[in-house]
């Protein structure tokens, strides 16, 4: 195993942003902070009917999204839900592109920390590049 510097390690790994991102704007923020791609879970669950009843682990999901119970699953019709998932995926992509174009960029790969601010306190904000000054080049 070879020893890696931070810059060399960055070439060998991919950073995936995850955790409560639902919109294209949130995805753009994660990408600006260094994520190469973003994993969306909750948004897709919402698109097929999840109501966050917090019963996923009990096999008693009231909407049938997170259960093995056939009776509870009866509301999940793949023909209908598939279209809802596709619509949501399309909306997230369009939202991301709108944010990218509003900034004046051509693709999400051009995003960097200079494009976003971080709220530091009430009424205060700071460019992410100043808050997190050292970042290996992509």
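Where in the range 109-125 does the label zone of residue 15 land, with the point 7 angstrom along Cα→C-beta and an amide N cut-off under 11 Å? Only 112-113 fall inside the zone, counting backbone N under 11 Å. When the Cα convex hull of the range 23-89 is projected onto planes of every orientation, the mean area is 5.3 nm². Across the chain, the relative contact order, built from alpha-carbon pairs under 8 Å that are at least six residues apart, equals 25 percent.
Roughly how tilted is helix 78-103, in degrees to the nearest 10 and between 0 and 90, from the longest Cα axis of the chain? That helix lies at roughly 20 degrees to the long axis. Working ranking of peptides 36-49, 109-122 by packing, defined as the average number of other Cβ atoms within 10 Å per residue, highest first, is 36-49, 109-122. By the beta-carbon count within 10 Å of each Cβ, the least crowded to most crowded order of 56, 61, fewest first, is 56, 61. Taking other C-beta atoms within 10 Å as the exposure proxy, 55, 20 rank 20, 55 from fewest upward. Of the labelled figures [x] 35, 19, 16; [y] 27, 16, 11; [z] 27, 23, 15, only one reflects semi-axes √(5λ) of the Cα gyration tensor in Å as derived from the coordinates, namely [x].
FYI, it's all coordinate maths here, none of it is from the lab. Note that this is a predicted model, so its numbers are computed, not measured. Here Cβ is always computed from backbone atoms with ideal geometry, including for glycine, and neighbour counts include all displayed protein chains.
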